[in-house]
Every structure is written in C-alpha cells, then in structure tokens.
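What follows is calculated from the coordinates using simple rules that are stated; it is not laboratory data. Keep in mind that what you see is a predicted model, and the values were worked out from it rather than measured. Cβ coordinates were reconstructed from backbone atoms using ideal geometry, including for glycine residues, and neighbour counts include every protein chain displayed.
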Amino acid sequence: MGNRYFLVAAGFLLSLAAAFGARAQESSSRPETNSPPRPAASPAEVSAKSSSPDAPSAALRDLLSAACAHDETQFAKFLTARNVESFSRLAPAARTELMKRFVLLDGAGKPTLLASSSGRPEIRCATADGAADIQLGGPDLRENIALLPLDIRDVSELGGGDPHHILMGLVRENSSWKILSIGMLFLDLPSLEVEWDQASIGSNEQDALADLKTIAAAIETYRQTYSRLPETLAKLGRATKPSPAAGVLETGLTSGQRNGYVFRMVIVGANDLGAPAQYELSATPLTYGRTGKLSFFRDAQGRLHAADHQGAVGHSLDPIVD
C-alpha cells in the first residue's frame, strides 16, 4: 500500500444510517428529518447509550467519515477537549494531513457499504488513486476506554493486498466517545503541534517567496493590459465580465492569504507630475513562529528582501534574496 492514505467520505454517514437503522441512533449527530420529534433523553439514557458496545464503533465510523471528507468541523467533534484546541491552531495543511493519517489514502474517497457476514461495518473506499476495504471489529469496552480493531486492505489491484491491522483507542468524555490513540501512539496534539509547525515553517517560507514572485508577475500582466495598477490583489482574479486580464492570479492568492502567509500590496510613487505609479508587496506569517518566521518584502524597484521581524512587515533595508 506504500505511503498512500485510506479515506472514507462524507456519504459514509448516510449509508451507515440506512444500513444499520437503530444502531445509528446511538451516536449519529445528524437529526432524522423524516421522524417525529422525540422526547429529550434523560441523563441515565445518555449514559446507557454511551455504554453500549456499539456506541464506540459508531463514533469511530463517524470520525473516519469526517477524516475522509476532510471535514474539520465534524472531525473535531471526535477529539478530546485537550486536542480540539490544538487542532484549531494547526495550519490548514497540517489539519488535512492529520485527517489523512486516520484512513491512509490520498484524495477524497467515495464509500460504499459492503455486505459483511460478521455484521460489523465494512466499507469500500474508492478514490481517484485506488480503493480500499475497511472493516471495523468488535470493541473491547472497559469502563471509559474502548479498543477497536480495524482491518484495512488495498483492493486497487487485482486480488488485493494483505490487510493492515490497526487498533484504535477511544475514551469516553462527557458521555461521548473521543479518539485517544492510533495503535500505541496516543493522540496528544499539544505535544505534536509545535513539532509539526517547526517542520513546515521552511516550506511555508519558500512557498511565500515563490507566491510573492507570482503576484508581481500578475500585477505586471494587469499593468500591461490596462496601463494602470490594480487597486487590490482581488482585481487580479477572475473578472465578472470577460477581459484580457481576467484570472491572471489564482483565487488562493487574490484572497491575500495562503500556506500560512498574508500578502499585501501598496501603491507608491504616483504624484501630480504624472510619474508612473509603483508598488510594494509584503508577505508576513499568519501566526509568527508557527506558520513562518521570515517577513518578505518586494520594493518598488522589484528587489526581494527577507528578515525576521517577529511577524511585522519587512522593508527595503532587509537583506536581498533571490
């Protein structure tokens, strides 16, 4: 299976609800739109449901579904209170990477519920890069801890491959089941987030410098087309009416933020004598020390500079970079 990730898509929730009927009532967070209103469950009923052997399985099912769809909001519902705060602080790319690790296939997948002789949930996840069968085993429930085995098999090639056996740990927190561990690796995001951020800072900074050059090239294209500078980066995006400069810059950059950096443009140099306007560009870390440390600056003469300004905007006195 190599380094590919398994994914289970968002439709997983709906297919399991149809297939397992009453079981889905135990943990699904989605209300039944076609059912009559039910009286609120008593604390005793909530406790009984969370103690049911099927409740951890349903929680893990929904977590894998959210991980497949890269649905950060749903995924966060299955994180412990300690981990959910760190998850919200991770860079978008790091949050996506974390969700991929739960299901092991690149790209979003489309799940299909398979008939299982064991009666346990079994899903086929098909992606553009391959497919995998995922089967949940029965939970080993011990008070507030549940251990659930997973068998994941690559079926993208004829005959399939050997299954990967993974043990997932869940903990009951406030009457809901939350992910605790993958195998023997306990999920402790506060301990991991700084390490992950440090590992991604270098690539974020390289991307920011490359994006600054891309923005400058798009501005020059716009200037040549309209004989003036765009007032904002948003002007470089796709226009509502066809124009020669429509879409000269991709949407991710016209928003002024990408890969943990914030991009700004300032028009300078225009005066009453008709001197051509010039511009300066800056790229600063969205969260200093987590998404980047260097501040990048393109001066009015087109030179690129970089220095550590603790997250503040750089200037033309900073060292020149290529």
remark   = Amide H contacts under 5 Å for residue 173, restricted to residues at least 5 apart in sequence or on another chain and with H modeled in the peptide plane, are 178
task = Please give every one of the aspartates and glutamates within straight-line cross-link reach of residue 213, meaning a C-alpha to C-alpha distance under 14 Å, and leave out same-chain neighbours fewer than 8 residues apart.
result = 205, 250, 280, 299, 322
remark   = Amide H contacts under 5 Å for residue 167, restricted to residues at least 5 apart in sequence or on another chain and with H modeled in the peptide plane, are 150, 183
request  = Quote the FRET efficiency, to the nearest 0.05, computed for residue 173 versus residue 114 with a Förster distance R0 of 30 Å and r equal to the Cβ-Cβ distance.
outcome  = 0.45
key: Residues residue 77 and residue 199, FRET efficiency given R0 of 25 Å [Cβ-Cβ distance, rounded to 0.05]   = 0.40
query = Taking the Cα centre of the stretch 199-321 as origin and charging only Cβ (+1 Lys, Arg; -1 Asp, Glu), how large is the dipole, in debye to the nearest 20?
reply = 320 debye
request  = Sort 293, 213 so that the residue with the fewest other Cβ atoms within 10 Å of its own Cβ comes first and the one with the most comes last.
outcome  = 213, 293
ask   = Roughly what would the spin-label model give for residue 231 and residue 128, points 7 Å off Cα along C-beta, in nm?
value = 3.7 nm
request  = Would you order 171, 313, 103 from fewest to most other beta-carbon atoms within 10 Å of each residue's own beta-carbon?
outcome  = 313, 171, 103
ask   = Using θ = phi - 60° and the Karplus form 6.51 cos²θ - 1.76 cosθ + 1.60, what ³J(HN,Hα) does each residue of the stretch 203-208 get, whole Hz, x for Gly and Pro?
value = 5, 4, 5, 5, 5, 5
inquiry  = Whole-Hz ³J(HN,Hα) for each residue in the stretch 218-229, computed from phi via Karplus 6.51 cos²θ - 1.76 cosθ + 1.60 with θ = phi - 60°, x for glycine and proline: what do you get?
reply    = 5, 5, 5, 4, 5, 4, 5, 6, 10, 6, 7, 8
remark   = Cα-Cα pairs in the stretch 199-321 separated by more than 21 Å, as a whole percent of all pairs, come to 39 percent
key: Entries in 77/110; 110/235; 77/100; 110/178; 178/293 that, when Cα-Cα distance is taken, lie over 26 Å   = 110/235; 178/293
Residues whose placed amide H lies under 5 Å from that of residue 279, excluding near-sequence neighbours = 268
